[in-house]
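A short worksheet on the structure shown next.
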């Protein structure tokens, strides 16, 4: 008798279903890099253009951001050393939180060790009776809902009418429940945007709280904020959440909201209370990146690249989803998407295939994410690579 775990069998099963993945490292985190398939040698002597990173503003290797991280390490240390409720609270954390609160137009902010920890910690700390969750929400939101023990009602993706219907049916015989509506603002696999104004209208009609995850929007939209700021909804969204690891080029997550919310979370969110504080260099780097994002020049460069790349891909006949800086190019079949990604890599573009179960069956895609630091020549190279791969794979 064995009560252990047959992990080799599980891996074999993943292989048979085309779900097994491996690590393929890159040498640098900028807009171009060599790919390292092993730690001893590179698979190619040539640099490849990276069109798959969430480093949207190209700040992860920016010298100003590097220096800010180094200054924090020199002044404070490389790690916080303990939970922030013990001895891990530093000036770097407070300076970043002040800037985040100002950017998100909220009373206060709190940084966590990751965006995942921020989502899980916030939802579980609130202990809602019911969570109304968008069908395409991020895994960290889904896991937060599971761990909260709340009843979860999934409404149709980006559909305020579906949310209204679910709330109306629930409200007939449920009076004394706490309700939380949770949605991403920009959805990472589809590049579309939640109808936040309509969702806020619906939530307010039923007295529910609104929580918006701005992971893929923070730093990219109005004044370095997100969709909440672009739509002028800062005073209607109770909980604004996001990451520091994408456009802000560091590590960690944050929650922004009113004073009582933040004070409550720092006392009750287990992923905050029982985790070592965010590393001071990450806090210093994120603060500098936020300052650069608020300035606007990098954001303008990003959106110019997005516009050129979308127009070029669509002119070739590709179906490009979404309306944001994330450009999912629909391929359809899983194996076709994998072959397409391999063809792109052959001609110098890193843009892996996204396939089930990450996306629904029949909607496998290449998720293209330009950076602000890509040049016009880089964008043209990407378009030409898609044309070549499209011919090789008989997609266009």
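Could we say that residue 318 is over 18 Å from the mean Cα position of the chain (by Cα), in the same structural domain as residue 187 (by TED's automatic domain parsing), crowded, with 20+ Cβ neighbours inside 10 Å and modelled with pLDDT of 95 or more here?
So residue 318 fails the test.
Is it the case that segment 353-370 has a residue that's modelled with pLDDT under 95 and in a helix (DSSP H, G or I)?
For segment 353-370, residues modelled with pLDDT under 95 and in a helix (DSSP H, G or I): absent.
In the set 164, 177, which member is more than 22 Å from residue 125 (Cβ to Cβ) and not assigned by TED's automatic domain parsing to the domain that holds residue 355?
Only one candidate qualifies: 164.
Of everything in segment 9-28, what is part of a loop (DSSP other than H, G, I, E, B) and out of contact with any strand residue (DSSP E or B) (no Cβ under 8 Å at 6 or more places or on another chain)? Give them in sequence order.
Residues satisfying the conditions are 17, 18, 19, 20, 21, 22, 23, 28.
For segment 78-93, check the following and say yes or no: at least one residue is surrounded by 14 or more Cβ atoms within 10 Å (Cβ to Cβ) and within 24 Å of residue 223 (Cβ to Cβ).
Checked against the condition, which is being surrounded by 14 or more Cβ atoms within 10 Å (Cβ to Cβ) and within 24 Å of residue 223 (Cβ to Cβ), segment 78-93 yields at least one hit.
Counting only residues that are touching a helix residue (DSSP H, G or I) at 6+ places or on another chain (Cβ under 6 Å) and assigned to a helix (DSSP H, G or I), which one in segment 372-385 is nearest to residue 54 (Cα to Cα)?
My answer is 379.
Within segment 112-132, count every residue that is surrounded by fewer than 24 Cβ atoms within 10 Å (Cβ to Cβ) and either outside the structural domain of residue 242 (by TED's automatic domain parsing) or within 18 Å of the chain's Cα centre (by Cα) (or both).
Residues meeting the conditions: 4.
Please go through segment 150-166 and give me each residue that is surrounded by fewer than 22 Cβ atoms within 10 Å (Cβ to Cβ) and either under 30 Å from residue 52 (Cβ atoms) or touching a helix residue (DSSP H, G or I) at 6+ places or on another chain (Cβ under 8 Å) (or both), ordered by number.
Within segment 150-166, 152, 153, 154, 156, 157, 158, 159, 160, 164 meet the criteria.
Has segment 36-46 got any residue that is buried (at least 20 other Cβ atoms within 10 Å of the Cβ) and either at pLDDT 95 or above or in the same structural domain as residue 342 (by TED's automatic domain parsing) (or both)?
Checked against the condition, which is being buried (at least 20 other Cβ atoms within 10 Å of the Cβ) and either at pLDDT 95 or above or in the same structural domain as residue 342 (by TED's automatic domain parsing) (or both), segment 36-46 yields no hits at all.
Scanning segment 241-257 for residues that are assigned to a loop (DSSP other than H, G, I, E, B) and either touching a strand residue (DSSP E or B) at 6+ places or on another chain (Cβ under 7 Å) or assigned by TED's automatic domain parsing to the domain that holds residue 29 (or both), which turns out surrounded by the fewest Cβ atoms within 10 Å (Cβ to Cβ)?
Per the stated criteria, the residue is 252.
Identify all residues within segment 77-104 that are in a helix (DSSP H, G or I) and without any contact (Cβ under 8 Å) to a residue 40 or more places away in the chain; write none if there are none.
Correct list: 91, 94, 98, 102.
Can you name every residue in segment 197-209 that is assigned to a loop (DSSP other than H, G, I, E, B) and buried (at least 22 other Cβ atoms within 10 Å of the Cβ)?
208
Return a yes/no flag: does segment 192-199 have any residue that is modelled with pLDDT under 95 and assigned by TED's automatic domain parsing to the domain that holds residue 131.
no
It is to be established whether one or more residues within segment 210-225 are assigned to a strand (DSSP E or B) and without any contact (Cβ under 8 Å) to a residue 40 or more places away in the chain.
Looking for residues that are assigned to a strand (DSSP E or B) and without any contact (Cβ under 8 Å) to a residue 40 or more places away in the chain, one finds at least one in segment 210-225, hence yes.
Kindly indicate whether any position in segment 284-301 is in contact (Cβ under 8 Å) with a residue 60 or more places away in the chain, more than 22 Å from the chain's Cα centre (by Cα) and either surrounded by fewer than 24 Cβ atoms within 10 Å (Cβ to Cβ) or farther than 30 Å from residue 121 by Cβ (or both).
Checking segment 284-301: not a single residue is in contact (Cβ under 8 Å) with a residue 60 or more places away in the chain, more than 22 Å from the chain's Cα centre (by Cα) and either surrounded by fewer than 24 Cβ atoms within 10 Å (Cβ to Cβ) or farther than 30 Å from residue 121 by Cβ (or both).
The values are calculated or read from the model by the stated rules, or taken from the named source; none is laboratory data. Everything numeric here is computed off the predicted structure, so don't read it as measured data. Cβ coordinates were reconstructed from backbone atoms using ideal geometry, including for glycine residues, and neighbour counts include every protein chain displayed.
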